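All remarks here apply to the structure that follows.
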Amino acid sequence: MFRIALKMLFGDSAKYLMLVFGVMFATFLMTQQSSVFCGLMRWTTAILKNAPAPIWVVETEVRQVNQTIAMRDTDIGRVRSCEGVEWAMPLYSGVQNVRLEDGSLTVVQLLGIDSTTFAGAPTRMIEGRIEDLRQPNAVIVDDLALKRLSPNPKQPLKMGDVFEINDIEARIVGICKAMRSFTGGPFIWTTYERAIGYSPPQRKMLSAILVSPSQGRSAEDVAAGIEAATGLKAYTNSGFRTSERDFNTATMFWYVKNTGIPISFGTTVIVGFIVGVAISCQTFYLFVLDNLKHYGALKAMGASNVKLCMMLLTQVSVVGMVGYGIGLALASMFGLAAIKNTQPPFFMPDVIPFAVLGVIIFICSLASFLGILRVSLLDAAVVFRG
Amino acid sequence: MSLPPIAAQARQITKSFGNGNAKVQVLHGIDLDAYESEILMLLGPSGCGKTTLISILAGTLTPDDGELEVLGEPLHRMKSSAITRFRAKNVGFIFQQFNLIPTISCEENVAVPLLIQGMSLSKALPHARKSLEEVGLIEHRKKRPNQLSGGQQQRVAIARALVHQPRLIICDEPTAALDAENGQRVMELFRNLMRQPGRCAIVVTHDHRILRYSDRIATMNDGRIVESVATADFDFDHHR
């Protein structure tokens with residue numbers, strides 16, 4: 001009977017395609033929007049990935065990594081004196097203006113790192129060496145900067161090219177791969193001292209202190225010790241965890257709580273769900289109604305309600321699987337294109353396909369429920385009523 | 001001469017639809033016997049209760065009152081699930097509008113009663129082909145129903161009704177959707193296939209031209225059987 005059920009489904013190609021489209025659309029919208037949201041949330045923590053260090057010490061009131069409240073340079077010494085600290089290095093982080101060759105301005109994320117240890121330096125160099133930062137006016141840029149800082153995107157910048165940060169000359173000595181920043185601007189690395197030189201003068205300039213714990217000490221314990229000893233805020237940088245001390249988690253939750261981003265994406269995901277429910281339920285119900293006389297005939301011929309329900313579930317399951325598969329493939333293709341193009345943000349953790357699958361199963365269950373209800377209540381004698 | 005065994009026996013069957021003031025009594029204490037190896041035709045004007053009666057005889061509708069024994073089974077005392085199984089095994093159906101599934105082939109349509117009984121499609125198809133051969137449509141087995149004429153579709157429906165060797169065949173206006181010539185052909189074929197001993201067919205019809213293919217004719221009016229006679233004794237002129 002299952003083959004008959006499938007042939008009944010495929011035979012009405014218009015409704016079959018409509019059903020698959022409904023599930024596919026819902027899958028694509030929910031997967032793609034959730035993944036873009038996750039990608040965007042990852043971008044909020046790009047500085048943590050691009051200037052990696054196990055512990056970040058920041059001013060007490062800092063709640064997320066893109067918020068900069070400067071500390072005194074003497075705070076570095078206080079942190080170094082804490083128990084369990086292997087090393088502690090300064091980091092300057094700030095958004096600065098770059099003047100392009102044609103006179104226009106664009107913003108960049110400037111990172112100033114310690115010129116001795118290069119703690120916080122990029123990890124994936126494409127060209128050049130990190131040590132070249134010690135040369136005069138030297139900067140390392142990410143590959144996005146090559147296009148963004150060129151007045152002509154068809155002629156990207158290259159090694160040795162020169163531009164101005166706040167009217168001070170900068171020369172490219174290295175090119176690296178980096179995660180995109182939340183603000184969309186490219187990343188530029190230079191030494192801490194030179195970064196301060198590029199930035200407008202302020203009384204305090206130290207954005208963060210990058211710390212590594214001693215061997216055998218956990219970052220959590222050392223961070224707690226630093227907080228207790230200095231009164232500064234010490235976050236760990238261990239990736240997304242459900243720990244309040246992790247800077248990635250704190251940053252993402254800050255954006256979730258304090259911006260409209262989750263509402264915006266959440267609304268689209270809900271729209272995807274509603275559209276999926278509306279199209280799938282309505283079309284499948286119409287499909288059942290169209291075939292009601294056949295189900296009635298089958299029932300008269302001795303097909304039990306259980307058998308008819310299994311036929312309907314087979315039909316819905318096939319539609320669900322095909323629609324989900326195509327929708328997920330489309331979302332993945334979108335993701336691959338986004339990653340290749342470096343925007344829009346896209347990150348699909350394992351949980352998203354499984355969660356969307358759960359939602360699709362729910363939609364299919366709802367769609368089949370209406371049909372099953374109709375067929376179960378169908379009077380077999382209906383076939384004799386013309 | 002002794003009568004053949006009874007295939008279906010209805011005693012004081014009543015059926016009504018609706019409630020309160022809207023209640024309509026459709027059958028008023030029907031008594032009816034249908035014998036094995038006969039074709040019994042139910043005749044009567046629209047609304048007289050013919051369809052309700054065959055629905056009850058087929059086990060697709062429950063009577064309000066009365067006793068109903070079909071092929072030795074007391075349907076009026078059986079549970080719905082048992083009646084469903086009984087129908088699957090013992091009853092073949094031929095509907096007015098054929099009710100063939102349009103998206104599957106003729107042989108698959110014919111195989112449906114066997115599939116309902118749990119037989120696999122690969123095992124059911126040879127039986128379906130044999131049944132199609134009996135109705136002379138073996139060469140059309142791969143076609144879909146809408147590729148056949150009305151008469152051919154009804155022959156496929158007959159093949160479907162007989163594929164699982166049921167002992168009771170319920171036919172609802174089998175020639176209503178056919179022209180006169182095709183109607184006669186279908187009934188001739190049906191009559192020939194019904195020659196197998198032990199089978200009983202109950203046919204509801206408006207079509208006086210096919211009455212001659214019956215063994216007995218029961219006339220209904222206003223929810224009652226008003227006459228039940230052998231076809232040879234039926235007054236065709238009176239009912240014309």
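Listed here are the residues, each with its yes/no results for (1) touching an Asp or Glu at 6+ places or on another chain (Cβ under 6 Å); (2) hydrophobic (A, V, I, L, M, F, W, C); (3) surrounded by 21 or more Cβ atoms within 10 Å (Cβ to Cβ).
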| residue | (1), (2), (3) |
| --- | --- |
| A:20 | no, yes, yes |
| A:51 | no, yes, yes |
| A:67 | no, no, no |
| A:70 | no, yes, no |
| A:73 | no, no, no |
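So that you can scan it fast, the table gives a plain yes or no per residue for (1) away from chain B (no Cβ under 14 Å); (2) more than 25 Å from residue A:363 (Cα to Cα):
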| residue | (1), (2) |
| --- | --- |
| A:305 | no, no |
| A:316 | yes, no |
| A:319 | yes, no |
| A:327 | yes, no |
| A:338 | yes, yes |
| A:343 | yes, yes |
> Any idea which residue in segment B:94-123 is nearest to the other protein chains (Cβ to nearest Cβ), counting only those that are under 16 Å from the mean Cα position of the chain (by Cα) and more than 11 Å from residue B:164 (Cα to Cα)?
Replying inline: B:99
>> So residue B:134 ticks every box in (1) at pLDDT 85 or above; (2) surrounded by fewer than 21 Cβ atoms within 10 Å (Cβ to Cβ); (3) more than 23 Å from residue A:384 (Cβ to Cβ); (4) of a type outside the set (S, T, N, Q) but one. Which box is left unticked?
In response: (1)
> Looking at residue A:268, is it in contact (Cβ under 8 Å) with a residue 40 or more places away in the chain and under 30 Å from residue A:39 (Cα atoms)?
Replying inline: yes
>> Go through (1) assigned to a helix (DSSP H, G or I); (2) without any contact (Cβ under 8 Å) to a residue 12 or more places away in the chain for residue A:302 and report which single condition fails.
In response: (1)
> Just for segment B:13-70: of the residues that are in contact with a Gly (Cβ under 6 Å, 6 or more places away or on another chain) and charged (D, E, K, R), which one is nearest to the other protein chains (Cβ to nearest Cβ)?
Replying inline: B:50
>> Consider segment A:144-176. How many of its residues are in contact (Cβ under 8 Å) with a residue 60 or more places away in the chain and either among the charged types (D, E, K, R) or in a loop (DSSP other than H, G, I, E, B) (or both)?
In response: 3
> Taking only pairs six or more apart or across chains, which ones have beta-carbon atoms under 9 Å, a first residue in segment B:140-160 that is outside any helix (DSSP H, G or I), and a second residue that is of a type in the set (Lys, Arg)?
Replying inline: B:141/B:129; B:148/B:155
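To keep it simple, each residue is scored yes or no on (1) crowded, with 20+ Cβ neighbours inside 10 Å; (2) in contact (Cβ under 8 Å) with a residue 24 or more places away in the chain; (3) assigned by TED's automatic domain parsing to the domain that holds residue A:316; (4) more than 23 Å from residue A:184 (Cβ to Cβ).
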residue	(1), (2), (3), (4)
A:331	yes, yes, yes, no
A:337	no, no, yes, no
A:342	no, yes, yes, no
A:347	no, yes, yes, no
A:357	no, yes, yes, yes
A:361	no, yes, yes, yes
A:364	yes, yes, yes, yes
A:369	no, no, yes, yes
A:374	no, yes, yes, yes
>> Any residue at all in segment A:278-285 that's within 11 Å of another protein chain (Cβ to nearest Cβ) and either out of contact with any strand residue (DSSP E or B) (no Cβ under 7 Å at 6 or more places or on another chain) or buried (at least 18 other Cβ atoms within 10 Å of the Cβ) (or both)?
In response: no
>> If residue B:200 satisfies all but one of (1) within 17 Å of the chain's Cα centre (by Cα); (2) within 22 Å of residue B:151 (Cβ to Cβ), what's the number of the condition it fails?
In response: (2)
>> Let me spell it out: the conditions are (1) closer than 30 Å to residue B:132 by Cβ; (2) without any contact (Cβ under 8 Å) to a residue 24 or more places away in the chain; (3) away from chain A (no Cβ under 14 Å), and residue B:77 meets all of them except one. Which number is the exception?
In response: (1)
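The values are calculated or read from the model by the stated rules, or taken from the named source; none is laboratory data. Keep in mind it's a predicted model, so treat the numbers as computed, not measured. Cβ sites come from the backbone with ideal geometry, for glycine too, and all protein chains shown count toward neighbours.
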